[in-house]
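The values are calculated or read from the model by the stated rules, or taken from the named source; none is laboratory data. Nothing here was measured: the structure is a model prediction, and the numbers come from that model. When we count neighbours, we look across all protein chains shown, and the Cβ atoms used for this are built from the backbone with ideal geometry, even at glycine.
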Amino acid sequence: MTETKTRRRGAELERAILDATWEQLSEVGYTALTIEAVAKRAGTSKPVIYRRWASRAELVIAAWADRIPIDPAIPDLGSLRADLVWLFDRIARRVNGMMSETIAGVMGEAFRHPEVVDFLRNRLETRPMHQSLSTIVDNAVARGEMRPVPLTRRVLRMPVDLIRSEAMFSREGIPTVAVEAIVDEIYIPLLKGLAVD
């Protein structure tokens, strides 16, 4: 008697693809990762993957976000600095969870393919981190630590930009001391300089 192979769909198929992507990424790195190898490992086909993710970079970012999800809960630790260190440290831990070769590979594809730039920009501008940062600044204003600050897209995106830049030169991951320096030397002075009179 022959067994009929059931076809996976929806969430089950997506789970298999994301797991296969992460496993391939861990084994061979970003440069050697192929959609064909991911499809084979997930038991599906390249067209099925490309219907969901338009590029290798998009697929890898989706697998990474799935493995290291963003927690939208924001503690109020009593000071702007403590809250920012907490947030920047969370971002650093997410970046530390992605191999630096992968970050470099995704950024390289972004330089060559405008659609990858659009995808990354959309992810950055719709992520819960923006709301988290707004909440932290609002709490600081309410405590009387600072005057209100207009949080433009660039200001909201800057924590990720600063941490990603630090990650490019850190082989062992971003240490807490570096996170604190970024907050103290760059981000708090920026916010205070932008505060409205």
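Every condition in (1) of a type in the set (S, T, N, Q); (2) modelled with pLDDT under 75; (3) touching a helix residue (DSSP H, G or I) at 6+ places or on another chain (Cβ under 7 Å) is met by residue 126 except one, and the failing one is (3). Within the option set 179, 149, being surrounded by 16 or more Cβ atoms within 10 Å (Cβ to Cβ) and in a helix (DSSP H, G or I) holds for one residue only, 179. Pairs meeting the criteria (first residue in region 168-187 and outside the structural domain of residue 86 (by TED's automatic domain parsing) and under 16 Å from residue 82 (Cα atoms), second residue of a type outside the set (S, T, N, Q) and surrounded by 11 or more Cβ atoms within 10 Å (Cβ to Cβ), beta carbons under 7 Å, at least 6 apart or on different chains) are lacking. For region 129-138, taking the residues that are at pLDDT 90 or above and either hydrophobic (A, V, I, L, M, F, W, C) or surrounded by 18 or more Cβ atoms within 10 Å (Cβ to Cβ) (or both), the one that is farthest from the chain's Cα centre (by Cα) is identified as 137.
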